[in-house]
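The next block holds one structure in the form of structure tokens; read it before the comments.
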Amino acid sequence: MKKFFLMAFAVAAAFTMSAQDLDIEAIAKLRNIKADSLALMLGKVYGTQNAMNHTTSDARVALIKAFDESINIEKQDEQFREGSSLANEFFKVAQDMKKRNGIDMKSKAFAQAMLDRFADTTIHVPINQEVQAINAEAKNLIQELTAMHKDTTGMVHVAVVDLKSDSLSRNMGRFYGMQLQHMANQKNLTEEQKARLIEGFNSTINVDESNKPLIDGRLLASEFGNIQQSIKKQMGLNINKDKFISSVLEVLNDPKVPTSEDFKAVDTDAQNYFRQTQAFAQENSPEALTNRTLGKKYIENIMEKDPGYIQTPSGLVYKMLEPGKGNKFEANDKIKVMYKGTHVDGKTFDESKEPITFAPSQVVPGFREALLMMRPGAKMIAVLPQDLAYGARGAGKDIKPYETLVFEIETLGLDTEAADAKPAAKPAVKNADVKAAEAKPANVKASTPADTTKKATSTKKAATTKKAAKKSKRK
């Protein structure tokens, strides 16, 4: 067991140490380079998708014009942008409804209902009750319209379908009007700010719904704003708008019509690069760099000042205070332990008040390695580098990502009553202890993050960054 983890950490160390050896300025430049590359790749994905959907020169010219006009809407004030974004949200939902359920949403009905509800200050129903009522109505209407769409008998009258589609559009309008009113109250918007919000909404909603290039161009611009904000929040990276635009336009200005295989190739490349960039950004975030630097300096200082500290091949640093007697513990032994866990600044994050029993196989790798070097009655100071502790994930609110941890450990001996017991379902130690059977080297986990981009675009509620790599799969 020990040998396996030492080998795993040796593999993971290559990426970690190479990043640690870079100075802060170099890492900052590399972050910008990766952000620019990501912007170019995402632009290519979106450009390819729209080039597939708009094959004629006229359609692409109209789409590019709408895209160019809309993407610069950020020059407007916040309320105007929010209003415009709301209108674009309607068009996204309308496209999805058409594709999934065959329902034709009505922008005029939506707009009128939204404006009426936003202006109506006489309604005092609790917002959660109003949401429930609107959602129940929407669910019923969608079910009815879907059934009508699937009816092949020809008995359903067109006027009935239009009437129910109109009702569903008004339902959605009331929902957004209610939400906007609540937001305006929460933010204490002035009447002038409310007017700007409505102006932004009207500037976008009043278009010919059949003009697909115009709508898609606006949606593409709106999508970029969401991508930009989400990547900034999740990765701390600034996506360059100009590079995204240039990448989109490069594809759309090419008269070639991409095939599904062309799209699959650029989409796969974007997914892979997204995962790599996500891992890099996480490991080299300002917080991660600070914690890794503090841990590295701490270890260097104690080893320079006290020759009693020893560093193992895995990176664990320890000082044996009492050797103890008898045989060394084994991975599945149930050991009575007293411990104290501190940050490198000396602040305690966890401490046992009385002896606690657990096995080396139940704790984080560095703690496990320390226990397997100890005997009954031994005392040790063990310094766990971040990759032998909690790595990228941290632990709760007390242990931050990439923190080096210090433990004072005393082993009192085997717990004979628990010797034959099965491993505990939960870690024995509140913070230091984790399920070792599930634990993986921190850096291995960090370098292979979950493929969030694959499920990125399945619904409009999904994180917008994730939409970037897989949006086309909804089309």
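The values are calculated or read from the model by the stated rules, or taken from the named source; none is laboratory data. Predicted model, so just to flag it, every value in this text is computed and none were measured. With ideal geometry, Cβ positions are generated from the backbone for all residues, glycine too; neighbour counts draw on all protein chains shown.
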task = Answer with yes or no whether residue 430 is at pLDDT 90 or above, of a type outside the set (Val, Ile, Thr) and surrounded by fewer than 18 Cβ atoms within 10 Å (Cβ to Cβ).
result = no
Failed condition for residue 338, given (1) hydrophobic (A, V, I, L, M, F, W, C); (2) outside any strand (DSSP E or B); (3) touching an Asp or Glu at 6+ places or on another chain (Cβ under 7 Å); (4) over 30 Å from residue 282 (Cβ atoms) = (2)
query = What residue, among those in segment 269-315 that are among the aliphatic types (A, V, I, L, M) and touching a Phe, Trp or Tyr at 6+ places or on another chain (Cβ under 9 Å), is surrounded by the fewest Cβ atoms within 10 Å (Cβ to Cβ)?
reply = 310
ask   = When you look at residue 127, is it of a type in the set (A, V, I, L, M) and within 30 Å of the chain's Cα centre (by Cα), yes or no?
value = yes
inquiry  = Please go through (1) in contact with a helix residue (DSSP H, G or I) (Cβ under 7 Å, 6 or more places away or on another chain); (2) surrounded by fewer than 14 Cβ atoms within 10 Å (Cβ to Cβ) for residue 206 and return the number of the only condition it doesn't satisfy.
reply    = (1)
request  = Restricting attention to segment 217-270, report how many residues are part of a loop (DSSP other than H, G, I, E, B) and closer than 20 Å to residue 36 by Cβ.
outcome  = 5
note = Out of (1) small (Gly, Ala, Ser); (2) more than 28 Å from the chain's Cα centre (by Cα); (3) over 23 Å from residue 300 (Cβ atoms), the one residue 396 does not meet is (2)
